[in-house]
Every structure is written in structure tokens, then in C-alpha cells.
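Remarks on the structure that follows.
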Amino acid sequence: MKEVNRELFDIDTSIVYVIGLSEVLYNFQLLFDLKNCFEEKGYKAALFTDTLTKDEMDDVYSLHEYLDPEISSEKLVIANRYMKEIEITHNYDLFLVGIEKGTVSFGREILEDMGLTVYSISRILHPDCVVLQIFWGDYEKEDIKKIEQETEQILGEEIDFINIRNKAVDLNESLKKNEIISFEIEKKLVDSTMRGLKNECIFALDSQNEIERLTEAIITRLQNYVEIERV
């Protein structure tokens, strides 16, 4: 690619990231449900993902070819132009960006993507709002803050909302296989953890009510962001 073509374009559409500590936490159906919820409230949303999409769906775009088998600055520039073209061609109110690759490594034994994909996409697409999906744990408030800070160091952005999935890590099996092995837990454990944390920015997106609550929270956050930017 010639040096003259390496300019990155600003994306003016509001951008919401949905990312996770591990690729195990990725859930395309959740992304699709969020997209539908925004549209029900009158917002035209495009969904971008770093995974391959099997079927063509309206307003769903894959960034996989720009990130696999390896990421390069040239591919990222092309991806940025691809998204800018979509922004110009379509009149979207929102870009919902769901990234499968995880944000962190789990010690020296379980590396996963080490946040490379999330970091790379954030270089070409600045998020206005970030939703981080985490495993269930018996958390204290300080634990959530530490989890947020670890991802914020990679992303260069603050985490706005947390989604606690009903998945826990089987540490022994994960260490044996050098990959994250998870198992599902009962919903009541997640609900109990949320009540204990008493934080309106923490969600358990396993129901339509919670998806509605997050959608409204994101809309409010984006509206506040626009007001701040205008000032």
C-alpha cells in the first residue's frame, strides 16, 4: 500500500463496543438482540463482528478478512475505509461492534489473543461506549474495578458497563488444556452477585428486561457524550 493511501478516516456514527475477557464469552445472539432492541426504539443500527458470518443478514458486517490470519496496519487501514464507506452509503445511527477475541491473557499458561484484536480495532474505530462481558465470580466492588482497569489499559478507553455471564472458569481443566474451559452456573448466583454489588452499570443480559435496561443506559450515555462534545 502506498504511503499516500494510509490515512485513517474519522467515523462519525456513534460506536458501541461489546467485548469480553475471553472468546468463550462471545455471544452473537446477544449482539443481534441488542441490535433489534435499538431498532425497536427507533435507532438504525449496524452490527460489526470479527467473526465469519455464515449467512448474509441485513445490516450485519464481518471484519474477519481484515483480521485473519494475521493483523497488519495495511489491513486495518482498509477495514477503516470499508467502515467509512458503509457509513457514507447507509444512514445508520449506531455501529454496534461485537468482538469475539478476548481482551486479556490468563497467566502464562492461557494466552488466547492477549487483547491484540481489540487493541487493533480500537486504533481505527474509536468507541463512544464500551460493554465488557466477564465470567461470574464472587466479586467485591474492588474486583470489578481491577477487571475494568486491565481491559482499559489495552483498549485505552473506560469501561461503561459490565455484563456478568452465567459462566464460570474451570481452572484445573483450563490449565490442563491451556485454554479456557467454562461451565454454566445457575442464574440465581448471578442475580445474588449483582444485588451484592449494588451497581446500576452491571447487568446480567439473560433476559429481555435486562437487554432493554442496557439499551436505555447506552442511549443515555451516548446522549450525555454528545452534549459534552458539543460543549
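Scan segment 82-98 and tell me whether some residue there is closer than 19 Å to residue 52 by Cα, out of contact with any strand residue (DSSP E or B) (no Cβ under 8 Å at 6 or more places or on another chain) and in contact (Cβ under 8 Å) with a residue 40 or more places away in the chain.
So far as segment 82-98 goes, no, none of its residues is closer than 19 Å to residue 52 by Cα, out of contact with any strand residue (DSSP E or B) (no Cβ under 8 Å at 6 or more places or on another chain) and in contact (Cβ under 8 Å) with a residue 40 or more places away in the chain.
Name the single residue that is surrounded by the most Cβ atoms within 10 Å (Cβ to Cβ) among those in segment 99-121 being touching a residue at least 40 places away in the same chain (Cβ under 8 Å) and assigned to a helix (DSSP H, G or I).
The qualifying residue surrounded by the most Cβ atoms within 10 Å (Cβ to Cβ) is 121.
Check segment 199-214 and report whether any residue there is among the aliphatic types (A, V, I, L, M), open to solvent by 20 Å² or more (accessible area, probe 1.4 Å) and out of contact with any Lys or Arg (no Cβ under 9 Å at 6 or more places or on another chain).
no
Mind telling me which of the residues 148, 152, 157 ends up being among the charged types (D, E, K, R), outside any helix (DSSP H, G or I) and surrounded by fewer than 20 Cβ atoms within 10 Å (Cβ to Cβ)?
Only one candidate passes the filter, namely 157.
Search segment 14-36 for residues being over 19 Å from residue 61 (Cβ atoms) and of a type in the set (A, V, I, L, M, F, W, C), and hand back the single one that is least open to solvent (accessible area, probe 1.4 Å).
In this case the residue turns out to be 25.
One residue is enough: does segment 163-181 have a residue meeting the conditions without any contact (Cβ under 8 Å) to a residue 40 or more places away in the chain, farther than 18 Å from residue 103 by Cα and buried (at least 16 other Cβ atoms within 10 Å of the Cβ)?
No, there is no match, as no residue in segment 163-181 is without any contact (Cβ under 8 Å) to a residue 40 or more places away in the chain, farther than 18 Å from residue 103 by Cα and buried (at least 16 other Cβ atoms within 10 Å of the Cβ).
The values are calculated or read from the model by the stated rules, or taken from the named source; none is laboratory data. Because the structure is predicted, anything quoted here is derived from the model rather than measured. Positions of Cβ are generated from backbone atoms using ideal geometry, with glycine treated the same way; all protein chains shown enter the neighbour counts. What goes into the accessible areas is simple: the full protein's heavy atoms, side chains included, and nothing from ligands, DNA or RNA. Shrake-Rupley method; radii C 1.70, N 1.55, O 1.52, S 1.80 Å.
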